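Q: Below is a structure I'd like to ask you about.
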Amino acid sequence: MPRNEGMNQPNERNMLTPDIKQKSQEVEKKMGVIYSPRPGGSRRWKKRFTAIMTKNSYTEILVVGGDAALNYAVNGIMKAALPDGKCPALGIIPAGYSNDFAHYWGLYSKDYRKNIQALFENRKRSIDVGRCAIETKNGEQTEYFLNCVNVGAAASIMNLKHLTFSVFGLRTVSHFLSAFMLLFSKLTYNLQFTTAGEVVNKRAMTLCIGSARGYGQTPSAVPYNGLLDISLVTTPKFTQLVHGIYLLLTGRFLSHKGISVWRTRKVDFTQLSEAPVSLDGRYVCNHVKHLKVDVLKEAIDFLII
C-alpha cells in the first residue's frame, strides 16, 4: 500500500511557535471604511466611528468623502486611546463637497477606480497633523487638521457653502446663495498673534494657516516638513478684493499686494474679534477667545497613489 505523504505529517500552521504566530497576527490588515460624501449629519458620530475603529486596532481607515469628513476622521484617530501606541493609516476616496487635501495628492473623484486600485498597492507617506488649542466661553478643546485653519471671511464662506449645499444639494445654487449671504456678513476683523518672536496686530479680512495648500491660500505649504505657512489678507478696497479673488482662482494668490506671509512651527492668537474659525473647511465657532496652533511632524501615515 503506497504511503500517504500527508499522514502523520506535522501541520505547518501548527508548527509555528507562539512568537511567530503573534507576529503573523500583528501584520494582519484590518481596514474600516467610513462613507460620508455630503456635509451635515452628526459630528459626534462621525468622530466616534473613527475612534471606535482606532481603539479596536484597525490598521487602515478609508474615508469616502471630502475635506470635512477627513477632518472628522483624523480627529477621531488623534483623540482615541491607541491600544498599541500606533495610529491607523488614513486614506481617502474623494467624493465630498470640497476635496482640496485629496487634490494635493493627485486624487480626484472622477478617477475613483484608479484611487481604489492604488489602495491595494499599500503606498504610504508619513504626514504632519496640525493641532489647535481652542478656548471659548464654554471652555477649552483640542482639534486637529490636515489641510488648513481659516480665520475670518474664508471661514464664513466655507460655512455658508456647506450650509447651502446641505440644504439644496446643488453646487451652483450653493455658490450663488453663499455669495449673496456673504454681502450681509462681517468681513474685517482685528487680529493679534505672535509667531517666531514677532507680534502682529492687523485689521484683516482673512487669515489662513496651512499645513497643505489651504484652498490655494498657502500654495507653497507641504504636509511633511513640520512647518506651517501663514497668509494674511489685510482689509482691501473693492478693486483689490476682485483682483485677489482672480489671483486665488488662477493659483497666484501670493502675488496680491495686500498679502503678508510667514512660515513657522506655531502661532498664538490673543485677539480674534469673534472672527469665525474653520478647520479643513469644517466650521468650528466664532467666539474664540484664544487660539494656539502648532504642528505634529509626521504623526500619521497617509495612503497615497
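The values are calculated or read from the model by the stated rules, or taken from the named source; none is laboratory data. In this text, all values refer to a predicted model and were calculated from it rather than measured experimentally. Counting neighbours? That spans all protein chains shown, and the Cβs are built from the backbone with ideal geometry, glycine included. The accessibility values were calculated without ligands, DNA or RNA, using every heavy atom of the protein model including side chains. Shrake-Rupley method; radii C 1.70, N 1.55, O 1.52, S 1.80 Å.
Q: State all residues of the stretch 94-106 that are touching a helix residue (DSSP H, G or I) at 6+ places or on another chain (Cβ under 9 Å) and within 13 Å of residue 147 (Cβ to Cβ); if no residue qualifies, say none.
A: If the condition is that a residue be touching a helix residue (DSSP H, G or I) at 6+ places or on another chain (Cβ under 9 Å) and within 13 Å of residue 147 (Cβ to Cβ), then 94, 96, 98, 99, 100, 101, 102 are the ones that fit.
Q: Further question on the same structure: Can you tell me which residues in the stretch 91-103 are at pLDDT below 80 and open to solvent by 20 Å² or more (accessible area, probe 1.4 Å)?
A: Answer for the stretch 91-103, where residues must be at pLDDT below 80 and open to solvent by 20 Å² or more (accessible area, probe 1.4 Å): just 97.
Q: Being in contact (Cβ under 8 Å) with a residue 60 or more places away in the chain, assigned to a helix (DSSP H, G or I) and surrounded by fewer than 22 Cβ atoms within 10 Å (Cβ to Cβ) is the filter here, so list the residues in the stretch 104-133 that pass it.
A: Answer for the stretch 104-133, where residues must be in contact (Cβ under 8 Å) with a residue 60 or more places away in the chain, assigned to a helix (DSSP H, G or I) and surrounded by fewer than 22 Cβ atoms within 10 Å (Cβ to Cβ): 104, 114, 118, 119.
Q: Let me ask you something else. Across the stretch 201-218, what is the total count of residues that are out of contact with any Pro (no Cβ under 7 Å at 6 or more places or on another chain) and open to solvent by 60 Å² or more (accessible area, probe 1.4 Å)? Even if it seems obvious, please write down each step before you answer.
A: Restricting attention to the stretch 201-218, the residues satisfying the condition of being out of contact with any Pro (no Cβ under 7 Å at 6 or more places or on another chain) are 201-204, 206-210, 214-218.
Those left that are additionally open to solvent by 60 Å² or more (accessible area, probe 1.4 Å): 201-203.
Residues in the stretch 201-218 being out of contact with any Pro (no Cβ under 7 Å at 6 or more places or on another chain) and open to solvent by 60 Å² or more (accessible area, probe 1.4 Å): 3 in total.
Q: Hey, could you check the stretch 196-229 for residues that are out of contact with any helix residue (DSSP H, G or I) (no Cβ under 9 Å at 6 or more places or on another chain) and charged (D, E, K, R) and say which is farthest from residue 150 (Cα to Cα)?
A: Per the stated criteria, the residue is 198.
Q: Can you report the number of residues in the stretch 87-103 which are under 14 Å from the mean Cα position of the chain (by Cα) and either among the basic types (Lys, Arg) or not in a strand (DSSP E or B) (or both)?
A: 8
Q: Going through the stretch 22-55 one residue at a time, which ones are more than 22 Å from residue 68 (Cα to Cα) and either in contact with a Cys (Cβ under 7 Å, 6 or more places away or on another chain) or modelled with pLDDT of 70 or more (or both)?
A: Going residue by residue through the stretch 22-55, those that are more than 22 Å from residue 68 (Cα to Cα) are 22-30.
Within the stretch 22-55, 28, 29, 30 meet the criteria.
Q: Considering only the stretch 56-75, I want to know if a residue exists there that is assigned to a helix (DSSP H, G or I) and modelled with pLDDT under 55.
A: Keep residues of the stretch 56-75 that are assigned to a helix (DSSP H, G or I), which gives 67-75.
Okay, now just the ones that are also modelled with pLDDT under 55, so none.
Checked against the condition, which is being assigned to a helix (DSSP H, G or I) and modelled with pLDDT under 55, the stretch 56-75 yields no hits at all.
Q: Now a separate question. Show the residue pairs meeting these rules: Cβ distance below 7 Å; 6+ apart or different chains; first residue within the stretch 277-293 and acidic (Asp, Glu); second residue in a strand (DSSP E or B) and buried (at least 21 other Cβ atoms within 10 Å of the Cβ).
A: Pairs found: 280/145; 280/148.
Q: Please pick out the residue among 227, 182, 160 that is out of contact with any Phe, Trp or Tyr (no Cβ under 8 Å at 6 or more places or on another chain), at pLDDT 95 or above and open to solvent by 10 Å² or more (accessible area, probe 1.4 Å).
A: Among 227, 182, 160, only 227 is out of contact with any Phe, Trp or Tyr (no Cβ under 8 Å at 6 or more places or on another chain), at pLDDT 95 or above and open to solvent by 10 Å² or more (accessible area, probe 1.4 Å).
Q: Looking at (1) touching a residue at least 24 places away in the same chain (Cβ under 8 Å); (2) exposed (fewer than 13 other Cβ atoms within 10 Å of the Cβ); (3) farther than 25 Å from residue 299 by Cα, can you tell me which one residue 152 breaks?
A: (2)
Q: A follow-up question, please. Looking at (1) of a type in the set (Gly, Ala, Ser); (2) within 17 Å of residue 299 (Cα to Cα); (3) over 16 Å from the mean Cα position of the chain (by Cα), can you tell me which one residue 139 breaks?
A: (2)
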